[in-house]
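Just below is one structure, and these are the notes that go with it.
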Amino acid sequence: MNEDEGQGFGCRFDGVASSMRLTIDDWNATVMGDPLRVVPRFDFRDFRVRIAAYANVEEWQRFLLDTFGSGPWLWDTPDELRFDQGSLELVGAELHLAGAAADAADSSRVPAAPPVRPGSLRADEARDFRLEVTTELCRAPGDTVLTCLRDLDVLDEPLEARIGIAPDVALLVQHGSVVGWSLTDPARYLTTAFGAPDPAPPAPATRLLFTACMDLITTPLLDAVRSRDPAALAKLRELDHSLRSQREDRHRVDALLALIGDLVEDYARPTEQKP
């Protein structure tokens, strides 16, 4: 898709080595300045990454009123990039992960180059726009990186740039378009709702449990759970038990359990024994 089509999220270089122009629909911004210093929060239950300072629903609502950009409207929940009304600079983001993962062959095609270039965004004008959610989730081995793409056609050609808008969060650019985003070391940023992640590194056991949870919720195994397939329910209960049994790194484990526990409650709750 090129800039003249007037759809999607595109960009163009403006001839200055230190800056890049971005276009979303007919709205424009420039890559400039320092990235956000806010630590990402990976809300596993809602399967989204928040990059903002708000700590509860009320603060989030005020944040939306005080900023502009792409945001929710009624039942519409696009990805969010939010900008300060005065400085026009990026001040937050909320990005949804696709619910189903690409297969291993496609995920292995995600390019490693170019390296991340740290930078922020500054809007040309203060008005809203729409940023569509991505549709494809590519998992690196061990889930060291989660990459969300507009579609799998992105993997047919190299990327032009990676713009690091926050710690371990980057926008992916190809042919003048932002075609996705990535989160490096997602297990580090696991949390619940608006809570801050644990600043300590994840325990090795947590990383293994994180991958086990990703295996469950991003593959056909989740459909089998919802169909109450006995083998799938047995795997779900085993994973739930492993999460509840781990004593270390409880903040991250509880973030995983928030979703897995709900699945157990909905689909794998033991039936009551008759006396």
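Please say if the stretch 123-275 is rounded, prolate or oblate, where rounded means a/c under 1.5 for a ≥ b ≥ c the square roots of the C-alpha gyration tensor eigenvalues, and otherwise the choice is prolate for a/b larger than b/c and oblate otherwise? Please report the intermediate quantities before stating the final value.
Working: a/c = 2.27, a/b = 1.79, b/c = 1.27.
Taking the square roots of the gyration eigenvalues as a ≥ b ≥ c, the stretch 123-275 is prolate.
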Diffusion coefficient in µm²/s returned for the chain by Stokes-Einstein, Kirkwood Rh over C-alpha pairs, 4 °C and 1.567 mPa s, is 66 µm²/s
The answer for the chain, accessible area per residue at 1.4 Å probe in Å², is 50 Å²
In nm, to one decimal, how far is the ARG45 label point from the TRP73 one, both placed 7 Å along Cα→Cβ?
-> 2.9 nm
For ASP262 and ALA55 in one chain, what is 0.36 nm times their gap in residues minus the Cα-Cα distance, to one decimal in nm?
-> 72.2 nm
Interchain or long-range residues, amide H under 5 Å from GLU160's placed H = VAL173, GLN174, HIS175
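I need the shape label for the stretch 14-142. Rule: rounded when a/c is under 1.5, else prolate if a/b > b/c, else oblate, with a, b, c from the alpha carbon gyration tensor. Could the numbers behind the result be given before it?
Details: a/c = 1.75, a/b = 1.18, b/c = 1.49.
Because a/c hits 1.5 or more and a/b fails to exceed b/c, the stretch 14-142 counts as oblate.
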Which log10 I(q)/I(0) values, to two decimals, does the stretch 160-238 give at q = 0.26 Å⁻¹ under the Debye formula with one point per Cα?
-> -1.12
Would you please put 82-94, 161-173, 236-248 in order of how densely packed they are, using the mean number of other Cβ atoms within 10 angstrom per residue and starting with the highest?
-> 161-173, 82-94, 236-248
Using a basic spin-label model with each label point 7 Å from the Cα along Cα→Cβ, how many nm lie between ASP26 and LEU221?
-> 4.8 nm
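Which order do peptides 181-189, 255-263, 211-219 fall in by mean Cβ count within 10 Å, highest first? Show your work: numbers first, answer last.
On the way: 181-189: 22.3, 255-263: 20.4, 211-219: 18.3.
So the peptides 181-189, 255-263, 211-219, ranked by packing, come out 181-189, 255-263, 211-219.
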In nm, to one decimal, how far is the ALA140 label point from the ALA205 one, both placed 7 Å along Cα→Cβ?
-> 2.6 nm
Note to self: C-alpha centroids of the stretch 143-189 and the stretch 197-265 sit apart, in Å, by 25 Å
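The values are calculated or read from the model by the stated rules, or taken from the named source; none is laboratory data. Not measured: the values here are computed from a predicted model. Cβ atoms come from the backbone with ideal geometry, glycine included; neighbour counts cover every protein chain shown. Only protein heavy atoms, including side chains, enter the accessible area calculation; ligands, DNA and RNA are left aside. Shrake-Rupley method; radii C 1.70, N 1.55, O 1.52, S 1.80 Å.
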